[in-house]
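Peer 1: Just passing along the structure, written as structure tokens.
The values are calculated or read from the model by the stated rules, or taken from the named source; none is laboratory data. Nothing here was measured: the structure is a model prediction, and the numbers come from that model. Using ideal geometry, Cβ is built from the backbone for each residue, glycine included, and neighbour counts are taken over all protein chains shown. In case anyone asks, the SASA skips ligands and DNA or RNA and just uses the protein heavy atoms, side chains included. Shrake-Rupley method; radii C 1.70, N 1.55, O 1.52, S 1.80 Å.
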Amino acid sequence: MSKPFSPKPTKYALDGRETDLLHYIYAQDLSALTNNPTNLLSAINTYSTTTNPLMNIGPAKGAYIEELINAQKASLMIELGGYIGYSAIQFGAAMRAHGGKYISLEINPEMAAVANQLISLAGLSDTVSVIVGTAAETLRGLVSSKQVEGVIPMLFLDHWQSVYLSDLKLLEGLGAVGVGSVVLADNVIFPGAPDYLEWVQASCDGKRGLNLKEKEGEKGDAGLVYETHVTEFETQFGKDGVAVTKVVGREAI
Ligand code: SAM
């Protein structure tokens, strides 16, 4: 079913830097970038540091998450918030190394188009798919169509912090986050996601209490037992953190 459309809605307006990045990339020596995720990421970093800053994961947090991917060797990783595809290229390449797949969800079709172009240039189209839409709507569709079955082994939250908690609870409720899932969340210190951190750091009783206070919205699955560790990083904006949450069990409710 089609949705209401209004031309150039303000909330999606871009200042052009993401498409400018494509012009920058295609002005480089393409033989060095084609099918070479490392060189392509390095070219994107150069653009971001010399021309226009981009909201990519960045080298330090990126390397940290890549190590977790290499240790976990999950069959599937789903990212909420793809932007121009930087993390999808870095983490998709790491997933491909052990035969895993990567799905990147992005609300903005212009960003998704840039991401798809760069993912294709990196030679990762066989491993990484980009789906346009709100993460919540797309995730519901992936689960109901059984394109995603059982629990998502690795989930990466990197969209807007205001919906981290509701999207996590949605997946808990659908049974797509459960025992065995590892959930990573960026920017939990800056800009910060206090309600999300409160939930993933709470005991099951604590989560039941939080749900009682919350009259509306997703209830999630308070019975999931979480172990959460926040690793801090110095970034250009100051201190930030990545939360790693392992679902280690389930208490009967
Ligand atoms: N993961 C990317 C990287 O490190 O290269 C950066 C993602 S950027 C911080 C956040 C992205 O989330 C933006 O491109 C934005 O359009 C997208 N976004 C925001 N809300 C969303 C939602 N509800 N569903 C899907 N994408 C969303």
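Peer 1: How large is the dipole of segment 114-253 about the Cα centre if only Lys and Arg carry +1 and Asp and Glu carry -1, each at its Cβ, rounded to the nearest 20 debye? Working shown, then result.
Peer 2: Working: 11 positive and 19 negative charges, 68 e Å.
Approximately 320 debye in magnitude.
Peer 1: Diagonalise the Cα gyration tensor of segment 57-250 and give the resulting equivalent ellipsoid semi-axes, square root of 5 times each eigenvalue, largest first, whole Å. List each step's numbers first, then the result.
Peer 2: Working: eigenvalues 130, 70, 51 Å².
Over the Cα atoms of segment 57-250, the semi-axes work out to 25, 19, 16 Å.
Peer 1: Find how much the distance from Ala63 to Glu232 grows on full extension, using 0.36 nm per residue of separation minus their present alpha carbon separation; answer in nm with one decimal.
Peer 2: Working: separation 169, 0.36 × 169 = 60.84 nm, distance 1.33 nm.
Net length gain for the segment: 59.5 nm.
Peer 1: Using a 1.4 Å probe and ignoring any ligands, DNA or RNA, find the accessible area of Asp126 and quote it in Å² to the nearest 10.
Peer 2: Approximately 100 Å² of Asp126 is accessible to the 1.4 Å probe.
Peer 1: Hey, another quick one. DSSP loop (so not H, G, I, E, B), at most 13 other Cβ within 10 Å: list which trypsin sites (Lys or Arg not before Pro) in segment 109-198 pass both filters. The partial results should precede the final answer.
Peer 2: Details: sites: Arg140, Lys146, Lys169; in loops: Lys146.
Loop-located and lightly packed - Lys146.
Peer 1: May I ask for the angle, rounded to the nearest 10°, between helix 59-72 and the longest principal axis of the chain, with both axes built from Cα atoms and the value confined to 0 to 90°?
Peer 2: For 59-72 against the chain, the angle is about 60 degrees.
Peer 1: While we're on this one: Order Met154, Met55 by their accessible area, 1.4 angstrom probe, all chains in place, largest first.
Peer 2: Numbers: Met154 0, Met55 110 Å².
Result of the area sort, largest leading: Met55, Met154.
Peer 1: With the other protein chains left in place, how much accessible area per residue, in square angstrom, belongs to the chain at a 1.4 angstrom probe?
Peer 2: Numbers: 12360 Å² over 253 residues.
Averaged over the residues of the chain, the accessible area is 49 Å².
Peer 1: Taking the Cα centre of the chain as origin and charging only Cβ (+1 Lys, Arg; -1 Asp, Glu), how large is the dipole, in debye to the nearest 20? The partial results should precede the final answer.
Peer 2: On the way: 19 positive and 28 negative charges, 95 e Å.
Computed charge dipole of the chain: roughly 460 debye.
Peer 1: Explain nothing, just compute: Karplus ³J(HN,Hα) = 6.51 cos²θ - 1.76 cosθ + 1.60, θ = phi - 60°, for every residue of segment 241-252 in order, whole Hz, x for Gly and Pro.
Peer 2: Calculated HN-Hα couplings, in order: x, 10, 8, 10, 10, 9, 8, 9, x, 9, 8, 5 Hz.
Peer 1: Just to be sure I follow the rule: in the chain, considering lysines 8 or more places apart or on different chains, how many pairs have Cα atoms under 26 Å apart?
Peer 2: 29
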